Amino acid sequence: MALSARLEIRQGQGLVITPQLQQAIKLLQLSNLELEAYVEGELERNPLLARDEGEAEPTQDAANEVGEARAEAALDEVAAGAAHSDMDTAHDEVSPGERATGDGAEAGGAIDWSQAGKGGTFEGDGDGLDALAAHEKTLAEFLTDQAALLNLSAVEMAIASVLIDGVDEGGYLRLDLAETAQRLGCDLALAETVLTKLQGLEPTGVFARDVAECLRLQLIERDRCDPAMSALLDNLDLLTRRDMAGLKRACGVDDEDLRDMLAELRALTPRPGAAFGGEPSQPVSPDVFVREGPGGLWLVELNGDTLPRLLVDQRYHARVSGGARSDQEKTFVADCLATANWLVRSLDQRAKTILKVSSEIVRQQDGFLAYGVEHLRPLNLKTVAEAIGMHESTVSRVTSNKYIATPRGLFELKFFFTSSIASSSGGEAHSAESVRHKIRQLIDAEAQGAGVHSDDQIVDILKAAGVDIARRTVAKYREAMRIPSSVERRRAMKEAV
């Protein structure tokens with residue numbers, strides 16, 4: 001074998017993920033709100049992009065006018081970068097007033113203050129007094145306003161601000177007081193004093209560190225925190241387990257007194273801060289619609305309102321490219337055209353992929369659409385990917401943050417992917433979601449005189465129905481649905497009687 005340097009030519013194939021391909025993959029997993037924000041940014045950056053409003057000439061002409069201003073500004077910026085030194089010289093020759101007012105100053109006109117600072121005027125699109133009056137205070141703002149009236153010192157007010165920031169939307173303090181005092185470099189006793197003052201604010205029960213303390217604060221305000229009630233708050237775990245006999249022994253009361261005490265607890269508010277709410281939630285818009293067609297077929301269609309429609313302004317590109325002078329300007333126009341074409345193709349491919357995946361999911365889960373959750377079939381990403389000839393990762397990205405509107409309600413696409421539970425009779429496997437529904441039905445039937453079923457009894461009933469399931473799986477599903485154990489349900493039924 002010769003040990004010498006030589007040149008060789010080899011031909012091979014490989015997958016190279018270009019930046020455009022990376023962006024196309026990213027577009028697949030964006031929700032419709034995130035996609036709209038992304039498209040808005042591209043419209044601002046690329047003058048060759050325009051919205052397709054469904055009209056031919058008027059829309060195109062309007063797009064030309066808007067795109068012309070943006071493109072000329074962008075070309076000027078590119079040209080300005082090439083002649084930066086010349087601009088520095090010109091900059092020194094311009095007066096401060098001309099730099100502030102721009103073209104209006106050069107024409108000798110005054111600044112139009114009627115449009116400046118629209119947020120501070122009383123006229124405009126909801127930024128005036130009406131919007132100010134309609135603004136609903138958050139819990140933190142409400143507590144801060146009250147804390148300002150407590151005549152706290154500067155140090156105490158600083159501690160109070162930190163504690164207010166540590167209150168969650170339910171009104172509970174989620175900070176460790178000792179750790180907070182150490183972090184702020186103050187005495188723990190001072191922090192406890194500030195906390196005691198803050199616990200007297202409205203709504204009553206805020207700044208509590210657990211449910212028992214929240215209820216205790218409300219009872220103290222009503223002058224109803226007697227020793228028996230205090231013992232009840234110390235033994236809420238017995239109440240959770242419906243151990244009424246243990247509660248009576250701990251509180252030293254009889255049945256009638258215990259019922260009265262429980263009635264008082266039910267009248268309290270376990271989440272005092274919930275009335276203020278949090279950030280306004282965005283309504284969910286379905287990406288796909290499913291409706292029943294003739295002959296029992298299911299028709300799948302995309303929601304056009306959630307799909308941004310863009311077009312590439314070819315006529316304006318011809319006009320701008322013809323006016324490009326330097327190499328930088330020509331490169332800028334070419335990059336804008338390539339980016340615009342890629343984005344339009346990517347959006348079109350995204351829509352087709354969503355429709356393709358959704359159609360396959362509907363085909364696989366037609367039993368659920370026709371008869372309900374009990375007929376939901378086991379389904380995974382691999383099954384859908386093989387059926388439509390795509391990779392599992394692509395299907396996973398498509399089904400993320402996407403919703404489908406069906407005659408049975410609005411569901412996330414991932415709802416239809418459930419694990420399978422084997423059949424005891426050797427038939428078709430059962431969906432985990434349908435099994436959970438059957439467990440829920442069995443427990444709901446207990447209130448109608450069917451008797452309380454233990455987990456073992458539920459296993460026997462399900463096996464008789466053809467579901468091969470273990471007891472620990474039943475217990476896991478029951479706990480996930482926040483259903484108490486059979487012992488707790490039996491105690492609750494006795495108390496109700």
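The values are calculated or read from the model by the stated rules, or taken from the named source; none is laboratory data. Values in this document were obtained by computation on a predicted structure and should not be read as measured data. Reconstructed Cβ throughout: ideal geometry from the backbone, glycine too, with neighbour counts over all protein chains shown.
Overview of values
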| read-out | value |
| --- | --- |
| Qualifying position, being outside any loop (DSSP other than H, G, I, E, B), crowded, with 17+ Cβ neighbours inside 10 Å and in contact with an Asp or Glu (Cβ under 8 Å, 6 or more places away or on another chain), among ILE458, ILE443, ILE404, ILE439 | ILE404 |
| Test: residue in region 50-57 that is surrounded by 13 or more Cβ atoms within 10 Å (Cβ to Cβ), in contact with a Phe, Trp or Tyr (Cβ under 9 Å, 6 or more places away or on another chain), among the hydrophobic types (A, V, I, L, M, F, W, C) and modelled with pLDDT under 85 | no |
| Residue, modelled with the lowest pLDDT, within region 362-381, restricted to residues that are part of a loop (DSSP other than H, G, I, E, B) and within 17 Å of LYS414 (Cβ to Cβ) | LEU376 |
| Condition met for THR196 (outside the structural domain of ALA492 (by TED's automatic domain parsing), closer than 21 Å to ASP165 by Cβ and touching a helix residue (DSSP H, G or I) at 6+ places or on another chain (Cβ under 8 Å)) | no |
| Cβ pairs under 6 Å, 6+ apart, first in region 407-424 and more than 21 Å from VAL300 (Cα to Cα), second part of a helix (DSSP H, G or I) and among the basic types (Lys, Arg) | SER424/LYS463 |
| The listed residue being aliphatic (A, V, I, L, M), part of a helix (DSSP H, G or I), out of contact with any Leu (no Cβ under 7 Å at 6 or more places or on another chain) and closer than 20 Å to ALA24 by Cα, out of VAL398, VAL333, VAL384, VAL357 | VAL357 |
| Unique residue being small (Gly, Ala, Ser), touching a helix residue (DSSP H, G or I) at 6+ places or on another chain (Cβ under 6 Å), over 17 Å from ARG319 (Cβ atoms) and at pLDDT 70 or above when the list is ALA5, ALA24, ALA37 | ALA24 |
| Test: residue in region 165-178 that is farther than 30 Å from GLU488 by Cβ, outside any loop (DSSP other than H, G, I, E, B), within 30 Å of the chain's Cα centre (by Cα) and not hydrophobic (A, V, I, L, M, F, W, C) | yes |
| Verdict on ARG325 being more than 27 Å from SER423 (Cα to Cα) and of a type in the set (D, E, K, R) | yes |
| Breaking point among (1) within 29 Å of the chain's Cα centre (by Cα); (2) at pLDDT 90 or above, for GLN146 | (1) |
| Filter result for VAL206 (of a type outside the set (Asp, Glu) and part of a loop (DSSP other than H, G, I, E, B)) | yes |
| Complete set of residues in region 474-488 that are part of a helix (DSSP H, G or I) and surrounded by fewer than 18 Cβ atoms within 10 Å (Cβ to Cβ) | ALA475, LYS476, GLU479, ALA480, VAL487, GLU488 |
| Scan of region 179-203 for residues that are more than 17 Å from THR269 (Cβ to Cβ) and in a loop (DSSP other than H, G, I, E, B), ordered by number | GLY185, CYS186, ASP187 |
| Single condition ALA465 does not satisfy, out of (1) modelled with pLDDT of 85 or more; (2) hydrophobic (A, V, I, L, M, F, W, C); (3) under 25 Å from ASN380 (Cα atoms) | (1) |
| Unique residue being assigned by TED's automatic domain parsing to the domain that holds VAL167, in a helix (DSSP H, G or I) and more than 30 Å from LEU150 (Cα to Cα) when the list is LEU233, LEU265, LEU239, LEU217 | LEU239 |
| Candidate set from region 306-330 (those that are part of a helix (DSSP H, G or I) and among the β-branched types (Val, Ile, Thr)); member that is farthest from the chain's Cα centre (by Cα) | VAL320 |
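Conditions tested, residue by residue: (1) of a type in the set (Asp, Glu); (2) more than 30 Å from GLY246 (Cα to Cα).
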{"residue": "ASN401", "(1), (2)": "no, yes"}
{"residue": "GLU446", "(1), (2)": "yes, no"}
{"residue": "SER454", "(1), (2)": "no, no"}
{"residue": "VAL459", "(1), (2)": "no, yes"}
{"residue": "ALA470", "(1), (2)": "no, yes"}
{"residue": "ALA480", "(1), (2)": "no, no"}
{"residue": "MET493", "(1), (2)": "no, no"}
